[in-house]
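The values are calculated or read from the model by the stated rules, or taken from the named source; none is laboratory data. In this text, all values refer to a predicted model and were calculated from it rather than measured experimentally. Cβ coordinates were reconstructed from backbone atoms using ideal geometry, including for glycine residues, and neighbour counts include every protein chain displayed. Please note that ligands, DNA and RNA were not included when accessible areas were found on the heavy atoms of the full protein model with its side chains. Shrake-Rupley method; radii C 1.70, N 1.55, O 1.52, S 1.80 Å.
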Amino acid sequence: MDYKRWLHLPESKYSAKAIGCWLWHAWRGNRVQAGLNALTGLLGVGASLATVWAMQRAIDTASGVVEGSVSWAVATMAAIILFEFALGIARVWIRNILGVRAQNRMQQQMLARLLRAEWRGREAMHSGDVINRLEQDVKQVVTFLTETLPSVLATLAMFVGAFCYLLQMDTWLAIVTVGILPVFILASRFYIAQMRQLSKKVRQSDSLVQSILTETVQHRMLVKTMEAGGQMLGRLEHTQHELRQRVKRRTAFSVASNLVLNTGFSAGYLIAFLWGLLRLQAGTITFGAMTAFLQLVYRIQGPARDLTRLAPAFVSVFTAAERLMELEEVPEEMQGDPVLLPGPCGIRFADVTYNYGAPGQLPTVNHANYDFRPGSCTAILGETGSGKTTLIRLLLALVRPQEGEVEIYSSHERLPLTPLHRCNFVYVPQGNTLLSGTLRENMLLGCPDATDEQLLAALHTACADFVDELPDGLDTVFAEQGGGLSEGQAQRIAIARALLRPGSIMLLDEATSALDPDTERQLLEKILSNHGKTVIFVTHRPAVVDYCDAVIRTS
């Protein structure tokens, strides 16, 4: 059976089997919550059908049709109602507590997978779109696996149980009630096709809105200095307007469809009501039995209505799963234990070529032969676009050479450079790389087990003694990108953070660009006083070049 054609699933690079396997793997980590939801659902079905029986018996007892105590009948109903209350509370706790935990766990797994992926210099997805997938799509998948699927079991149990109960009371009414369902199931195919298209467009607009918000917040300084606030707000309003229109069209279609669906179910309920009145008038059933008729018809129609909505749920979760699977398309880096070589280490480029573009374009790095000898200090100079950033990525094993080889070596061994050797590098990237949080939390990114004495020593080496004057010292809280610090202060803290790493190869990318000449000189002297390090500067600063043993000019 062609499930994609039946469910009107869009054509994609993934087969229904592949998506199903991915969802099965994701479900394996959420079995406890799914099982508890299924259990409470089945118990709820039993309690609901028991309520119908108890109500019928109470009415028939009160009207004298059957013998018994009205008090006991009411007490039985009260006990069942209290049991249903308890189930409702349990469902809330399962959904809110275990549900949040399941979403958090899946978000962590997806983020960990992204962090293990190979570096792609030109990302295909906008960061806002990635965040939207990690939030909205993860939530949709987890909700489907832990709530929707278990509820299907309870829905089917309710449908079968209510139908069998009604069947033994009135065969023809049960058949008529169920007989109209195929009509609605067939009609739901049209609903699914239209709703899938409308929902897809809403999701696209929602991702675009989040992308604009993310970019505007990230680059708000640029927006302010370019006096482009009105333009960005205009772009946002235009995108939001498109989102509102698409939501409006989807809502209108949903309301119209639900109106038709509910009209049909209401007609069925009225038929059951008329049937019960006629039989009650003829004296063939009791008032309690008529009440039971109406209750059972409702309990058949409710699950039937839920089942007609299951196909759109499958469409939505398939779309969400595909979007998450796309995040996993990038292959993982080599995984394993870090390989720390005894320092100082050297790095050698042997006829290395790397090209970001299509075959035939001029490579960014073209047959490069460099030797960063152990204990040496080298400056890398070059114009913008000459390949300096690519060299850094090759040194850090973020990208692999397309030709040639990069190797790391010490006095005892020589090995091809891999991501497992990244622990040998002390890297200070260009720009402000501080995170929101305390100074201590930022520093511990370099070494999670560092003591306060080690933190302060690294700050002193990086000429960041101004930390002593901060109101809370190491526990001073910074905003995003070290808000509250000057660029030079943020740069020195970033250098101190890197100095906590154990590697013997220091790679500094314009790491002193925001420092005044005197502070830069002091910092360079302190860094270079340790001859057990191999130092590589990517810089435009003449003062830095004066401290280096060798200069490499990229072109």
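Quick notes on this structure:
- Of the residues Val330, Ser513, Asn30, the one whose Cα sits farthest toward the positive end of the charge dipole of the chain, with +1 on the Cβ of Lys and Arg and -1 on the Cβ of Asp and Glu, is Asn30.
- DSSP finds beta bridges in the chain, and of those with both partners inside it, around 50 percent are antiparallel.
- Cross-link reach is defined here as a Cα-Cα straight distance under 26 Å, omitting same-chain residues fewer than 8 places apart; for Lys200 the lysines meeting it are Lys4, Lys13, Lys17, Lys139, Lys248.
- Around Ser486: net Lys/Arg minus Asp/Glu count, Cβ-Cβ under 12 Å: -1
- Anisotropy class of the chain from Cα gyration tensor, a/c 1.5 cut: prolate
- Taking the Cα centre of the chain as origin and assigning +1 to Lys and Arg Cβ atoms and -1 to Asp and Glu Cβ atoms, the resulting dipole is close to 2620 debye.
- Helix 31-62 vs. the chain, principal-axis angle (Cα, 0 to 90°, nearest 10): 20
- Inter-part distance, region 52-80 to region 142-165, computed on C-alpha centroids, equals 28 Å.
- For the chain, adding -39500 (n - 2.57) for each run of n ≥ 4 DSSP H residues and dividing by the number of residues yields -19500 deg cm²/dmol at 222 nm.
- Between region 437-510 and region 537-555, the Cα center-to-center distance that results, in Å: 25
- Degrees between helix 452-461 axis and first principal axis of the chain (Cα, 0 to 90, nearest 10): 50
- Remark: region 69-178 carries a charge dipole of roughly 520 debye about the Cα centre, counting +1 on each Lys and Arg Cβ and -1 on each Asp and Glu Cβ.
- A 1.4 Å probe run over the protein chains yields, for the chain, 53 Å² of accessible area per residue, whole-number rounding.
- Exposed loop sites here are GluC sites (Glu not before Pro) assigned a DSSP state other than H, G, I, E or B and surrounded by at most 12 other beta carbons within 10 Å; excluding them, the longest clear run of the chain is 124-226.
- Fully extending the segment from Arg414 to Arg249, taken as 0.36 nm per residue of separation minus the present Cα-Cα distance, adds 53.0 nm.
- With respect to the chain, whose longest principal axis is taken over its alpha-carbon atoms, helix 287-308 is tilted by about 30°.
- Within the accessible area of the chain (1.4 Å probe), percent carbon and sulfur: 60
- Longest stretch of the chain clear of exposed loop sites (trypsin sites (Lys or Arg not before Pro), DSSP loop, at most 13 other Cβ atoms within 10 Å, sites excluded): 123-555.
- Taking chymotrypsin sites (Phe, Trp or Tyr not before Pro) across region 336-444, the ones in a DSSP loop with at most 15 further Cβ atoms lying within 10 angstrom of their Cβ are Tyr356.
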